[in-house]
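**Q** Questions regarding the structure given below will be posed in turn.
Any read-out appearing in this document is the output of simple, stated calculations on the displayed coordinates, not a laboratory observation. Please read all numbers here as calculations on a predicted model, not as lab measurements. Cβ coordinates were reconstructed from backbone atoms using ideal geometry, including for glycine residues, and neighbour counts include every protein chain displayed.
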């Protein structure tokens with residue numbers, strides 16, 4: 001029988017990531033603001049100092065370090081006690097948490113020591129989040145280089161994301177960058193109820209996803225541009241995608257219009273944000289064209305609006321971008337799809353799997 005540790009076990013960032021699934025809970029003790037910017041995969045936030053308290057202690061530290069340490073210790077003790085009496089109260093005797101803060105110092109050490117003295121087998125991340133972030137920066141290019149990608153191409157409205165989801169449902173490896181970025185990629189692609197993560201969090205999500213995937217088996221990914229909303233696709237991944245084999249979806253424009261009306265129904269229900277987005281297209285399309293689109297919105301003539309946007313804006317932009325950036329698109333495997341029904345995407349995914 002393993003005896004309880006009286007002190008936390010110190011583990012490196014690499015060892016922690018390699019054994020991440022072996023921990024029952026991953027605890028980030030940093031402030032909610034730090035946690036929101038980025039954190040280890042699957043971590044929960046149990047701050048030992050909240051946002052305001054960290055500022056308070058940090059400001060006091062500059063003038064009187066000793067007093068600041070006493071104030072910080074008192075605040076941390078109260079917060080740790082609150083966590084023990086709430087979130088952690090029902091944890092069993094064999095519970096195994098991993099604890100970390102910014103650099104693996106006082107904040108994580110305080111909670112980890114208390115948990116270890118209680119009798120839980122606690123691990124403390126050496127170097128904290130900073131060490132994990134260094135690991136992501138160092139290893140993400142290597143992970144990308146070791147993976148084999150298949151790039152799904154197709155004009156706006158051809159359902160590239162639907163094909164990716166069908167492939168994932170059939171057990172194929174998929175890297176859905178738009179889902180990770182909480183954005184559909186285009187000017188109108190913001191998702192109303194899903195704010196985008198930070199750039200660091202986006203890179204961590206990519207790192208985690210690629211780390212789970214099997215080397216030697218293709219990974220299907222959409223033909224994204226360098227930016228997905230406000231987020232940048234890591235350069236190494238972008239370069240690897242642009243040199244990879246392509247799959248081209250061909251679909252009649254009426255079916256693409258139908259799909260877009262389904263997926264962007266929030267604009268149909270509340271067109272005011274759409275009208276604001278048109279301001280960004282004036283320089284590209286001209287006042288006359290944008291005024292025509294505004295008129296179609298006012299008339300709620302959605303079918304004509306979407307078709308006009310495709311013909312005069314999205315399709316020309318797609319053709320310019322895809323030919324310039326994806327080296328093998330001319331030799332792409334072509335998927336002729338008659339409709340945007342889910343059954344057709346399932347059949348297309350099965351054909352690719354075969």
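**Q** Mind jotting down the distance between the C-alpha centroids of segment 285-337 and segment 152-225, whole Å?
**A** 21
**Q** While we're looking at this one, here's another question. If the convex hull of the alpha-carbon atoms of segment 9-135 is projected onto planes in all directions, what is the mean projected area in square nanometres?
**A** Details: hull surface 30.0 nm².
Dividing the Cα hull surface by four gives the mean projection, 7.5 nm².
**Q** Working from Cα positions, state the angle (0 to 90°, nearest 10) between the long axis of helix 51-63 and the longest principal axis of the chain.
**A** On a 0 to 90 degree scale, this one is about 50.
**Q** Would you mind ranking 207, 66 so that the residue whose beta carbon has the fewest other beta carbons within 10 Å leads the list?
**A** Working: 207 20, 66 9.
Ordered by Cβ neighbours within 10 Å, fewest first: 66, 207.
**Q** Rounded to whole Å, give me the distance from the Cα center of segment 95-115 to that of segment 229-266.
**A** The distance from the Cα centre of segment 95-115 to that of segment 229-266 comes to 42 Å.
**Q** Then there's this: Taking other Cβ within 10 Å of each residue's Cβ, how do 250, 315 sort, fewest first? Before the final figure, lay out each step's value.
**A** Numbers: 250 13, 315 16.
By the 10 Å Cβ count, ascending: 250, 315.
**Q** Follow-up. Could you point to the label whose value was computed as mean projected area of the Cα convex hull in nm² for the structure here, given (1) 15.5; (2) 20.1; (3) 22.6?
**A** Looking at mean projected area of the Cα convex hull in nm² for this model, the match is (3).
**Q** Separate question: Taking a quarter of the surface of the Cα convex hull of segment 209-312, what do you get in nm²?
**A** Averaged projected hull area, Cα only: 9.0 nm².
**Q** Neighbour counts of other C-beta atoms within 10 Å: give me 75, 260 arranged from fewest to most.
**A** With the sparsest Cβ surroundings first, the list reads 75, 260.
**Q** Can you tell me the 0 to 90 degree angle between the C-alpha axis of helix 287-298 and the longest principal axis of the chain, rounded to 10?
**A** 80
**Q** Rounded to the nearest 500 deg cm²/dmol, what is the calculated helix-only ellipticity per residue at 222 nm for the chain, with -39500 (n - 2.57) per DSSP H run of length n ≥ 4? If you can, show how the numbers build up before the last one.
**A** On the way: 18 runs with 184 residues, N = 354.
Taken over the chain, the calculation gives -15500 deg cm²/dmol.
**Q** With both bridge residues required to lie in the chain, what share of the DSSP beta bridges run antiparallel, to the nearest 5%?
**A** Numbers: 3 of 29 bridges.
Restricted to the chain, the bridges split so that about 10 percent are antiparallel.
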